[in-house]
Structure formats: structure tokens, C-alpha cells
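The values are calculated or read from the model by the stated rules, or taken from the named source; none is laboratory data. Bear in mind the structure is a predicted one, so any value in this text is a computation, not a measurement. Glycine also receives a Cβ, built like all others from the backbone with ideal geometry; neighbour counts cover every protein chain displayed.
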Amino acid sequence: MDDFLQNNGFLIVTMVQQALLAMSLYYPLMSGQLSLASPGFYALGGYVAAIIGTIEYFAPWRDALGWSIFPLEWLAAGIISGVLAVLVGIPALRLRGIYLALATIAFVEILRVICLNLEITGGAIGIFGVPQLFESRWSYIWTFGPLLILMLFFSYRIDRSRVGRAFKAIREDELAADAMGINPTRYKVLAFVIGAVLAGVVGAMSAPFLNTWNARQGTFDASIAYLAYVLIGGSRSMWGPLLGGTLLAALPEVLRPLKDSRLIINGVVLVFASIYMPQGIAGAVGRIRNFTVRKFGSARSEK
Amino acid sequence: MKRSVLVTLLFTLSVGTAYAENVATPIPIGIGVAQTSNVALLGEEEVVGAKIAEKYFNAHGGINGTPFKLIFQDTGGDEAGAINSFQNLINRDKVVGIVGPTLSQQAFSADPVANRAKVPVLGPSNTAKGVPQIGEYVGRVSAPVAIVAPNALKQAIKEHPGIKKVAVLYAQNDAFNTSESGTFQETVKKMGLQIATLQKFQTTDTDFTSQVTAVLGANVDLAIVSGLSADGGNLVKQLRQMGYKGPIIGGNGLNTVNIFPVCGKYCDGILIAQAYSPSADPKNVINAAMAADYRAKYKKEPPQFTAQTFTAVQVFVEALKKVEAVTKKKITQLDLGKVREELNKQIRTGSYITPLGKISLDHEGEIHQENFYVAKIKMDANGKTGKYVYLK
């Protein structure tokens, strides 16, 4: 067991981390907004943690607070991401569909180029020697794990609350929702901000986990990867991003013994998954369950 | 109080049982470089160097008669991939040491992991400032930009003593080029020259009209370009096409034959500092052997990353021999943890005659290399092919 964790600990924590990032895309999608801004907030959160962890100015804070500086970093990253998300979200969410996606891609790029040019973010080399919360990579499950459980609980609750229903109403028909007395702008911005805060906090947790932070963390490629997590996993239930993020993060590593051909197999799996499971993995699981329920007449009703 | 309980709990959960275990036969040495993603362009050159070294040193008796085996784990182009690769090499493949990763940013991510596991690492191409300082188990055989780059400037001044005003251009979205250009700028100032204009571009740019106009307007005697092959090559081409006549220094990103098709006949005359020269010292038998093997396979001159990765493997092989000499035991009879620790110590003692010439590593793991070289691009009459002429 111990050996297994030493070998695979980093990968397992990465799976949880990627699942969280997938969830950060899931909230805007819940309200029908295709936002690809998560890598931007993820990068921002990481920079906040790396800067608080390394620069001279915060040295007395670090000495005084010891390990409790880390929760403070998460909090700071969450707040900064949230504020920025409100500022970006209000104008950006006036756009719809593909235009919103493009605007959020532009946002990620702008943030990346700014970070490349600032002195404080270490330019292209980035920030290295980020202080560690734990000695072993595996131990970082103690930060990402509870956050995932918290977010699952949060998603479960929000799904059944007025806010969650408002999100879904906007997703299904924004005009109708508006007519029903739901303020679409407010709820769309709210969904966007929840995703941004989550991505920011995950970024702040990831900077120590990866030892270093640089502008390569928040890229267009990452946007597409997160979108793939949600689409392959399923965008209609909270289990979708969880499944998609963990499975897709693990796939290239599980295929590692295949050497050079592993990325080809990875691509083939993605293509087949999107053809045969258009509702994602969670959708397919749901369909199978519905099928068995119909066939064998379980008393439990799904609707 | 609560915290100490938590820490103990985490400690027992996170620290592996360190049971004694001997080194496997053949002795495993890990190679964790980028074999996929866009970084693989560099990583493939490193894989070739490692494989040539494996063949060469095993044919010459391995480690005092015991053969060694290279284990390749792809890092991909990102930080997480580098950590995964290193974890696999350390825990699953049980290597005595690791050559890698390809990028400096990956080194900042993965090297601390190896350092904490007390596994010696040698970077074949990590040139950023601060890499050897990551920890006591981290070293490199790639001289930092700050040491290599100024040599080209010295050569340019030797050829054109009248140089006063300099234009510096660099790709600002690339870590290597930004840091290299910083070195160029410092050296220019240190030599009492003036930076007449400082121009930035992106590695994805194709049109450099505004930068070239600024350079021509500043009326400079020398242009220094830090970019990758496509953008740097196009920049050089447009500088020449628009009438710049002075000398051009290229950074390490232009140090590849891939720029020949980009700038064609305009590549002619670019000066580039080199950490490696395939034809530097005819008496260096190890370089001759490596270069001959490379030429036989690929019909061209071996690139720098190939030579540096060969060198990294060589340093491990020779240091392993020293470990046997010091402990008076075969490596395979020793405990793995002990070998890693002793190997790390031995890497940092003595000097090595490698394809890079004579090198040694100081206590921090930083390389000290005796010779650097400057090459000038000489294009053939057809304007399509050319070669690097190494200057003395």
C-alpha cells in the first residue's frame, strides 16, 4: 500500500485536482454558459500562493503564521479570483454561446501575457522554490481531497436549491427564466464567480504541489482539456466533471507503458467516448440505470 | 498539540518504509526527458545522445564490468508530466540517478521531488538561473546562458572593433530567450557598448516590420536576436531584406539547422555561441567516437543537446566507477539508497573529459566547463543548405 502511494500518489492527487478544475467549468455550464476562463483563474490563484510564499515582503507573515499561511493563501486566491470574476463576468456574460467562449479565451490569454511580462510573476521562468505544506506529493490529498468533498456537497445542495433551479432554468431557456422573475445576469455572474473562486483556490493549492508556478499553467490548451473533462464526463450532473477529470487525467499515465503510442491511444479513447457517449460518462451510466430500472421494474423512480 | 498529532499521522501515512534493497543488474539509470509534446523537438535530440552513450560505455565495459541500462520515462512538455516521470523512475524503476528534465521550468517542478527522495539528478539542458540551487542532489551539465552567451559578443567585437550601438531583440513569451536576452543586455553594458534599441516579439510572430524599422532607425552596428528557429529566422531574414548590413548574433534558439530553410541565404554570417563543438579538439577521442556514431546514423553533425545528454550519462557512469573504488564493493552489492547518496557525492569530485571538453561539477552541482565556442553560419551558394563553421 505504502509503495503504491509512493508510486501513484502524485497521480491520484492530480486526478482529484483535475476533477476540481473540471467542476469549476461545470458551474457556468450549469447555467448554460460556455466559459473557458478557468485556467486563467487557476493560474491567478497559483501566482497568489507562489508570491505570498516566496517574496520578501511577506516573510514576517510567513514566520509569524507558520503553516497557517497556507489557508490564508487559499482565501486570498479565492477572494482575488472572485473579485476579478465579477469585474470580468458582468461585461463578458452579455455575450452568449461561442462568443462568450471566445471572450473567456481572450481573458486567459491576456492574463497569461501580463504574467509573462510582470517582474513579480517571474516572467517566463516563473516562480520557483514555492514553500511546501507537505513533504510527500501524496500528502497533498489532505488539501485537495477535503475541497473535492466540500464541492461535491456544495453541488449536491445547490442542485436542489432555488439558485440551482434558477441556473437550470436559464440553461434551458433564458427568456422564459427571465419572464418567470429570475434575474439572468445575476445568476449567470454568480455561476461564473463560483467557478472562478474554485479555480483560484485550486491554483493556490497547486503551486506548492507542483513546486513551481509559471505562465505555462494557464493556457488555451488547458481550457480545452478542462472542457473535454466536462464533455466526456457529462455536463448535466455533478458526477460528470468528477468522472471526466479523474479519468482523463489518469489516462495518459495509465497508458505510460505503451511508450510512444500512448497519446494516440489517448486520442482514440476520447474520440470513441464522444461518439458513443454523447451525454458523457455520467449520462451513459444514467441511461444504463434507467434501462435496468425499466426492465426489472425497480420501485425506485429516477424522476 | 493538535498539530503535532496531525503531523505524526501524516508522517506515518506519507513516508514510505525504507527497507534495504540492492541495486538491480544491469544498473538502471533514468532518462526523464520530453519524448512527446512540442518540447519533444529538443527531447528527441537528448534521447539520441543518451542511447549513443549507453551503447558506447557498455561496449567499453560498463561500470567496471557490470553493464548499465537506461530507462526512459517520457515527461511530456508540462510540469506534472515531469513529476510523474521522475516518480516512476525513482520508485518503480529504482534508478540510481536521473538525467532530465528537458526544460528549466520542468526542472523547478520535478527536481525538488528527486531531491527529497535523495536521488541525484543531472540536467542535460536546464540553463536557467537557480537550477543547481534547488537542492544538494541537483546538478547540471548544461552551462547557464550567462556563461555561454557572452562569447558570441566577444567574437563580434573581435571581428568588428568599431561596434558601439547595439540593437537587442528577443521573444518575450519564451523563458529561455527572455533570460538569455537579459544576459546579452548585461554583457553589452559591461563592455561599454550602448543598447540603442530593445525590441520584443512573440515566438508566434511572422511579421517583424515594426521591430526592423526601429533597428534601422537606431542606426546600430550590431543586432542580437534571441528567438526560436521560426521567428528568429524570419526576423533575421527581414532585417537583411530591409537593408541591415551589420553583424548579427543569434541566441541558442537559432542554434539549429532548422533555421536554414527559414532565412535561406540571409542566414549567412550569424554568429552563435556554443557550449559544444563537434570538431573542436581532434584529440578528444570520446567526442570523436560520439560524433562518428551520430553522423553514421543521421548524416549530420551532432547537436548540442545530444552531446550534453551523452555527457550527463558519462558523468553518471564515471561517478559510479568512483563509487565502486571508494566503497570497494560492486554497485549491485550495495543498498540502493547508499548508492544514490555516494553517487551524488562522487559526481561532484574530480573532472571529466567529455564531448564538451573538460568539465567538472562544483559542490552545488553547477557545471564548470573549460571551453566554449563560437560558430558562424556559412550558407552554400544555393541559399538552401549551409553549415556551422566553428571559429577559434
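Hey, any hits in the range A:204-217 for a residue that's of a type outside the set (S, T, N, Q), within 14 Å of chain B (Cβ to nearest Cβ) and part of a loop (DSSP other than H, G, I, E, B)?
Within the range A:204-217 (the criterion being of a type outside the set (S, T, N, Q), within 14 Å of chain B (Cβ to nearest Cβ) and part of a loop (DSSP other than H, G, I, E, B)), the answer is yes, since at least one residue qualifies.
Tally time: how many residues in the range A:157-182 are surrounded by 12 or more Cβ atoms within 10 Å (Cβ to Cβ) and of a type outside the set (A, V, I, L, M, F, W, C)?
Residues that pass the stated criteria total 8.
Would you mention how many residues in the range B:302-329 are assigned to a loop (DSSP other than H, G, I, E, B) and buried (at least 17 other Cβ atoms within 10 Å of the Cβ)?
Residues flagged as assigned to a loop (DSSP other than H, G, I, E, B) and buried (at least 17 other Cβ atoms within 10 Å of the Cβ) within the range B:302-329 amount to 2.
Sort out which residues of the range B:69-87 are within 7 Å of another protein chain (Cβ to nearest Cβ) and either more than 21 Å from residue A:138 (Cα to Cα) or not charged (D, E, K, R) (or both), and write them in order of number.
B:80, B:83, B:84, B:87
Consider residue B:130 carefully, then state whether it is more than 14 Å from chain A (Cβ to nearest Cβ) and touching a helix residue (DSSP H, G or I) at 6+ places or on another chain (Cβ under 9 Å).
no
Kindly list, by first and then second residue, each pair from a residue in the range B:32-49 that is facing chain A (nearest Cβ under 10 Å) to a residue that is surrounded by fewer than 19 Cβ atoms within 10 Å (Cβ to Cβ), limited to pairs with Cβ atoms under 6 Å and residues at least 6 apart or on different chains.
Pairs found: B:36/A:263.
Filter the range B:350-392 down to the residues that are in contact (Cβ under 8 Å) with a residue 24 or more places away in the chain and among the hydroxyl-bearing types (Ser, Thr, Tyr) and list them by number.
B:352, B:354, B:373, B:385, B:388, B:390
Hey, among B:162, B:139, which residue is surrounded by fewer than 20 Cβ atoms within 10 Å (Cβ to Cβ) and either away from chain A (no Cβ under 14 Å) or at pLDDT below 95 (or both)?
When all the criteria are applied, what remains is B:162.
Test residue B:86 against the stated conditions and say whether it is within 14 Å of residue A:210 (Cβ to Cβ) and either touching a residue at least 12 places away in the same chain (Cβ under 8 Å) or crowded, with 22+ Cβ neighbours inside 10 Å (or both).
Spelling it out, residue B:86 is indeed within 14 Å of residue A:210 (Cβ to Cβ) and either touching a residue at least 12 places away in the same chain (Cβ under 8 Å) or crowded, with 22+ Cβ neighbours inside 10 Å (or both).
Listed residues B:107, B:167, B:114, B:171; which is farther than 30 Å from residue B:26 by Cα, touching a helix residue (DSSP H, G or I) at 6+ places or on another chain (Cβ under 8 Å), crowded, with 24+ Cβ neighbours inside 10 Å and at pLDDT 95 or above?
On inspection, the qualifying residue turns out to be B:167.
Would a scan of the range A:110-123 turn up a residue that is farther than 30 Å from residue B:182 by Cα and within 14 Å of chain B (Cβ to nearest Cβ)?
No.
All but one of (1) surrounded by 20 or more Cβ atoms within 10 Å (Cβ to Cβ); (2) within 22 Å of the chain's Cα centre (by Cα) hold for residue A:106, so report the exception by its number.
(1)
Hey, among the residues in the range B:117-130 that are in contact with a strand residue (DSSP E or B) (Cβ under 9 Å, 6 or more places away or on another chain) and modelled with pLDDT under 95, which one's surrounded by the fewest Cβ atoms within 10 Å (Cβ to Cβ)?
Taking the candidates together, the pick is B:130.
When the range B:181-227 is examined, which residues are found to be part of a loop (DSSP other than H, G, I, E, B), within 20 Å of residue A:116 (Cα to Cα) and of a type in the set (Gly, Ala, Ser)?
Selection gives B:227 alone.
Every residue, every condition in (1) at pLDDT 90 or above; (2) outside any helix (DSSP H, G or I); (3) hydroxyl-bearing (Ser, Thr, Tyr), yes or no:
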{"residue": "A:100", "(1), (2), (3)": "yes, no, no"}
{"residue": "A:116", "(1), (2), (3)": "no, no, no"}
{"residue": "A:122", "(1), (2), (3)": "no, yes, no"}
{"residue": "A:125", "(1), (2), (3)": "no, yes, no"}
{"residue": "A:130", "(1), (2), (3)": "yes, yes, no"}
{"residue": "A:133", "(1), (2), (3)": "yes, yes, no"}
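Which condition number in (1) under 22 Å from residue A:30 (Cα atoms); (2) modelled with pLDDT of 90 or more; (3) not β-branched (Val, Ile, Thr) is the one that residue A:205 fails?
Only one criterion in (1) under 22 Å from residue A:30 (Cα atoms); (2) modelled with pLDDT of 90 or more; (3) not β-branched (Val, Ile, Thr) is unmet by residue A:205, namely (1).
Only one of these conditions is not met by residue B:291: (1) more than 22 Å from residue B:33 (Cα to Cα); (2) among the hydrophobic types (A, V, I, L, M, F, W, C); (3) touching a residue at least 12 places away in the same chain (Cβ under 8 Å); (4) not in a loop (DSSP other than H, G, I, E, B). Which number is it?
(1)
Would you pick out the residues in the range A:27-47 that are part of a helix (DSSP H, G or I) and within 18 Å of residue A:88 (Cα to Cα)?
Result: A:27, A:28, A:29, A:38, A:39, A:40, A:41, A:42, A:43, A:44, A:45.
When you scan the range B:15-55, how many residues do you find that are at pLDDT below 80 and of a type in the set (Ser, Thr, Tyr)?
2
Would you tally the residues in the range B:330-353 being hydrophobic (A, V, I, L, M, F, W, C) and not in a helix (DSSP H, G or I)?
Qualifying residue count for the region: 2.
Just for the range A:24-46: of the residues that are over 21 Å from residue A:70 (Cβ atoms), of a type in the set (A, V, I, L, M, F, W, C) and buried (at least 24 other Cβ atoms within 10 Å of the Cβ), which one is farthest from the other protein chains (Cβ to nearest Cβ)?
So the residue we want is A:30.
Out of all the residues in the range A:84-91, is one or more surrounded by fewer than 12 Cβ atoms within 10 Å (Cβ to Cβ), within 23 Å of the chain's Cα centre (by Cα) and within 21 Å of residue A:33 (Cβ to Cβ)?
yes
So if I check each of B:12, B:8, B:66, B:102, which one is within 30 Å of residue A:218 (Cβ to Cβ) and either at pLDDT below 90 or away from chain A (no Cβ under 11 Å) (or both)?
Selected residue: B:102, the only one of B:12, B:8, B:66, B:102 that is within 30 Å of residue A:218 (Cβ to Cβ) and either at pLDDT below 90 or away from chain A (no Cβ under 11 Å) (or both).
Check the range B:209-225 and report whether any residue there is under 23 Å from the mean Cα position of the chain (by Cα) and either farther than 28 Å from residue A:109 by Cβ or assigned by TED's automatic domain parsing to the domain that holds residue B:256 (or both).
Yes, the conditions are met somewhere in the range B:209-225.
Which numbered condition trips up residue A:193, out of (1) farther than 30 Å from residue A:137 by Cα; (2) in a helix (DSSP H, G or I)?
Failing condition for residue A:193: (1).
Please go through the range B:123-145 and pick out each residue that is in contact (Cβ under 8 Å) with a residue 40 or more places away in the chain and among the hydrophobic types (A, V, I, L, M, F, W, C).
Within the range B:123-145, B:128, B:138, B:141, B:143, B:145 qualify.
With the checklist (1) surrounded by fewer than 17 Cβ atoms within 10 Å (Cβ to Cβ); (2) more than 14 Å from chain B (Cβ to nearest Cβ); (3) part of a loop (DSSP other than H, G, I, E, B) in hand, flag the one item residue A:185 doesn't pass.
Answer for residue A:185: the failing condition is (3).
When you look at residue A:241, is it free of Cβ contacts under 8 Å to residues at least 24 places away in the same chain, assigned to a helix (DSSP H, G or I) and either within 12 Å of another protein chain (Cβ to nearest Cβ) or surrounded by 15 or more Cβ atoms within 10 Å (Cβ to Cβ) (or both), yes or no?
No, not satisfied.
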